[in-house]
Each structure stands twice: as structure tokens, then as C-alpha cells.
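Colleague: This is the structure, below, for whatever I ask next.
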Amino acid sequence: KTEETLLEVNNIEVIYNHVILVLKGVSLSVPKGGITALLGGNGAGKTTTLKSISGLLASERGEITKGSIQYRGKSMQDLSPNELVKSGVIQVMEGRHCFEHLTVEENLMTGAYTRSSAEAKQGLDMVYEYFPRLKERRKSQAGYTSGGEQQMCAIGRALMARPETILLDEPSMGLAPQLVEEIFGIVKSLNEKEGVSFLLAEQNTNVALRYAHYGYILESGRVVMDGPAADLRENPDVKEFYLGVS
Ligand code: ATP
């Protein structure tokens, strides 16, 4: 095996409010240059897994009580969210989170706070190349753009920090099928052309397994199955329980 592992989640257990055990020993790895899907239904623990990685658990009274998380062989648990961004990992939260009162371009610029102004300018050019819609809407107040445009804006803002890995939470949520395909298509070209690695949490198994290289299926805080996306798509249990065909 020659592929380089970027992110390694090793048997983590996560508890909210000191009592609610949500992750019961989750392990996964994200290789450099891959799109890795984290699948499972509502409440399976996908968002909790992403937040464990990006250091956002503490603000929700969540705690990793067992296991470890490493990025490029270094422990991530002691890093602040800011240090994490510098190390190359950034999370795009579920539900889009753009600043509604800023324009699209101002939103994008907030993502460049770790970069010089020349780098920010380059970043904008890159984002507009992949998201021509954002270029068209750059002077619009983000709160008045469509759901799809806000999702694009959130991904674009993350790209402004020039991350090596993006943790993308439920990009398909609330979007029409055609837009979902558009956004996944852009994720795919960012992966192929810019070399960005993705860990993608999705309830939409069908779409995710068409674009991802590898998938993990979570049920009630445990990984119940994992494998190359092509194998998962053909697996009879996955077909029956997650793809709605049998
Ligand atoms: P969704 O698609 O709904 O986001 P998910 O797979 O991402 O689902 P999580 O959001 O990680 O699942 O939630 C997993 C479980 O943890 C759920 O039962 C949820 O109720 C619980 N949970 C999430 N956040 C908290 C919190 N801050 N405090 C207590 N319980 C929480």
C-alpha cells in the first residue's frame, strides 16, 4: 500500500454532557488525495465524528473519552480550531453558515484570515474558477442568495484557507437533486485538480457513493461496514438498507 494517510481516527468514544455516549469506538482513515464518505442515517454520529476531528466538540459539552485522532502522525486533540486550520484541516458545517449580512465576496474573504492579501486574491480567483455562480453573485448579500449558493459560499470560504483536507458535513442537505450533483461535481474536480482530500458526511448514500472512493457506514455510533465505494454500491445489504433497492 503506497497511499499516504493524512487523518487517522482510532477507536474514539465520545460522550455529551458527561452521560450521553454517542460514539462507541469509531475508527477511520483518510488517505491523501481521496474522497472518503462517512455514511449513515439521522443521529448515527456523523456530525459528532467530524466535530471530534475539528475540535468543535467542547463548545457542545462533548468530550472524547477514549481513543485518539492524528493528522500526519501528530495528535490533534491538543490543537485549537485555529491551529487546526493552520495544520491544513477545515470543517464546513452542516446548514451552511454564511454571514448573512456580508456579501458573498466578503464571506469568502473571511476564510483567508491566515493568508497574505496576495494569497487571498489568488484564493478568490481559484474559488471563482470552480464556482462561477459565486463570481456572478459576489456583490450580493449572502442572506439573499439561494440555498445552493450558500452551500457553495461555505465551501468556497473553506477553500480560501488553502486546506489540504476538508471535512464536509451533509452538503446535499435541503438541495434539489440537480444542485446536489453540481456541488458533488465541483468537489470531485477540487479533489482531482487541486488535490484537496475530503471526509464527507452524508445521509444521501446514493450520491456519496458515486463520488467517493471509499466509504464508512455508521450506525448508532459504530462503524458497521467499510470498503471501496464501488464494492459498497454492489453490497446487497447496502443496496437494501441504504440505496433503497434490493
Ligand atoms: P444528522 O444527520 O442528524 O446530523 P448525525 O449522524 O450527524 O446525524 P450526530 O449529529 O452526530 O448524528 O448525533 C448523534 C447523536 O448524538 C444523536 O443521538 C444526537 O441526538 C446526539 N447529540 C448530538 N449533539 C448533541 C449534544 N450537543 N448534546 C447531546 N446529544 C447530542
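Colleague: Evaluate the following for Ile53: is it at negative phi and in a strand (DSSP E or B)? If you could, list the steps in order and put the result at the bottom.
Modeller: On the way: at negative phi: yes; in a strand (DSSP E or B): no.
For Ile53, the condition - at negative phi and in a strand (DSSP E or B) - is not met.
Colleague: Is there a residue in the range 128-135 that is exposed (fewer than 15 other Cβ atoms within 10 Å of the Cβ) and outside any helix (DSSP H, G or I)?
Modeller: No, the range 128-135 contains no residue that is exposed (fewer than 15 other Cβ atoms within 10 Å of the Cβ) and outside any helix (DSSP H, G or I).
Colleague: Out of curiosity, is Phe198 among the aromatic types (Phe, Trp, Tyr) and either within 16 Å of the ligand (Cβ to nearest atom) or in a strand (DSSP E or B) (or both)? Steps first, please.
Modeller: Working: among the aromatic types (Phe, Trp, Tyr): yes; either within 16 Å of the ligand (Cβ to nearest atom) or in a strand (DSSP E or B) (or both): yes.
Against the criterion (among the aromatic types (Phe, Trp, Tyr) and either within 16 Å of the ligand (Cβ to nearest atom) or in a strand (DSSP E or B) (or both)), Phe198 qualifies.
Colleague: Residues of the range 204-220 being within 16 Å of the ligand (Cβ to nearest atom), assigned to a loop (DSSP other than H, G, I, E, B) and over 22 Å from Ile15 (Cα atoms), which ones? Even if it seems obvious, please write down each step before you answer.
Modeller: The initial filter retains those residues of the range 204-220 that are within 16 Å of the ligand (Cβ to nearest atom), namely 204-208, 215-220.
Next cut, assigned to a loop (DSSP other than H, G, I, E, B) only: 204, 220.
If the condition is that a residue be within 16 Å of the ligand (Cβ to nearest atom), assigned to a loop (DSSP other than H, G, I, E, B) and over 22 Å from Ile15 (Cα atoms), then Asn204 is the only one that fits.
Colleague: Of these, Tyr242, Tyr216, which one is within 17 Å of Gly45 (Cβ to Cβ), at pLDDT below 95 and touching a Leu at 6+ places or on another chain (Cβ under 8 Å)? Walk me through how you get there before you give the answer.
Modeller: Values: Tyr216 fails: at pLDDT below 95.
Only one candidate passes the filter, namely Tyr242.
Colleague: Can you report the number of residues in the range 1-39 which are among the small types (Gly, Ala, Ser) and within 13 Å of the ligand (Cβ to nearest atom)? Even if it seems obvious, please write down each step before you answer.
Modeller: To start, the set of residues in the range 1-39 that are among the small types (Gly, Ala, Ser) comprises 25, 27, 29, 33-34, 37.
Then drop every residue that is not within 13 Å of the ligand (Cβ to nearest atom), which leaves 37.
Qualifying residue count for the region: 1.
Colleague: Go over the candidates Ala212, Ala142 one by one and state the one that is closer than 27 Å to Lys86 by Cα, crowded, with 16+ Cβ neighbours inside 10 Å, in contact with an Asp or Glu (Cβ under 6 Å, 6 or more places away or on another chain) and aliphatic (A, V, I, L, M).
Modeller: Values: Ala212 fails: in contact with an Asp or Glu (Cβ under 6 Å, 6 or more places away or on another chain).
Exactly one residue qualifies, and that residue is Ala142.
Colleague: Please verify whether the range 160-181 includes one or more residues that are closer than 22 Å to Gly41 by Cα, in a strand (DSSP E or B), of a type in the set (Gly, Ala, Ser) and in contact with a helix residue (DSSP H, G or I) (Cβ under 9 Å, 6 or more places away or on another chain).
Modeller: No, the conditions are met nowhere in the range 160-181.
Colleague: Which residues, taken from the range 40-55, are in contact with a helix residue (DSSP H, G or I) (Cβ under 9 Å, 6 or more places away or on another chain), within 11 Å of the ligand (Cβ to nearest atom) and of a type in the set (S, T, N, Q)?
Modeller: The one that is in contact with a helix residue (DSSP H, G or I) (Cβ under 9 Å, 6 or more places away or on another chain), within 11 Å of the ligand (Cβ to nearest atom) and of a type in the set (S, T, N, Q): Thr48.
Colleague: Report whether or not Glu149 is within 16 Å of Glu182 (Cα to Cα) and at pLDDT 95 or above.
Modeller: Values: within 16 Å of Glu182 (Cα to Cα): yes; at pLDDT 95 or above: no.
No, not satisfied.
Colleague: Output the residues belonging to the range 56-66 that are out of contact with any helix residue (DSSP H, G or I) (no Cβ under 9 Å at 6 or more places or on another chain) and in a strand (DSSP E or B).
Modeller: Glu63, Thr65, Lys66
Colleague: Follow-up question, since we're still on this one. Look at Thr114 and say whether it is in a loop (DSSP other than H, G, I, E, B), touching a helix residue (DSSP H, G or I) at 6+ places or on another chain (Cβ under 9 Å) and touching a residue at least 24 places away in the same chain (Cβ under 8 Å). Lay out the reasoning, then the answer.
Modeller: Working: in a loop (DSSP other than H, G, I, E, B): yes; touching a helix residue (DSSP H, G or I) at 6+ places or on another chain (Cβ under 9 Å): yes; touching a residue at least 24 places away in the same chain (Cβ under 8 Å): yes.
Considered against the rule, which asks whether it is in a loop (DSSP other than H, G, I, E, B), touching a helix residue (DSSP H, G or I) at 6+ places or on another chain (Cβ under 9 Å) and touching a residue at least 24 places away in the same chain (Cβ under 8 Å), Thr114 comes out as yes.
Colleague: Still on this model: What do you reckon, is Ser87 under 15 Å from the mean Cα position of the chain (by Cα), away from the ligand (no atom under 12 Å from the Cβ) and polar (S, T, N, Q)?
Modeller: On the way: under 15 Å from the mean Cα position of the chain (by Cα): no; away from the ligand (no atom under 12 Å from the Cβ): yes; polar (S, T, N, Q): yes.
Considered against the rule, which asks whether it is under 15 Å from the mean Cα position of the chain (by Cα), away from the ligand (no atom under 12 Å from the Cβ) and polar (S, T, N, Q), Ser87 comes out as no.
Colleague: Related question: With respect to the numbered conditions (1) away from the ligand (no atom under 15 Å from the Cβ); (2) more than 20 Å from Gly95 (Cβ to Cβ); (3) among the aliphatic types (A, V, I, L, M); (4) surrounded by 20 or more Cβ atoms within 10 Å (Cβ to Cβ), which one is the sole condition not fulfilled by Ala230?
Modeller: (4)
Colleague: Right, another one. Can you confirm whether Val223 is within 17 Å of Val30 (Cα to Cα), in contact with a Ser or Thr (Cβ under 8 Å, 6 or more places away or on another chain) and within 16 Å of the ligand (Cβ to nearest atom)?
Modeller: Yes; evaluated as a whole, the condition is true for this residue.
Colleague: Among the residues of the range 8-27, which ones are crowded, with 20+ Cβ neighbours inside 10 Å and within 16 Å of the chain's Cα centre (by Cα)?
Modeller: Once the filter is applied, which keeps residues that are crowded, with 20+ Cβ neighbours inside 10 Å and within 16 Å of the chain's Cα centre (by Cα), the range 8-27 yields only Val9.
The values are calculated or read from the model by the stated rules, or taken from the named source; none is laboratory data. Remember, it's a predicted structure, so these values are computed and weren't measured experimentally. Cβ coordinates were reconstructed from backbone atoms using ideal geometry, including for glycine residues, and neighbour counts include every protein chain displayed.
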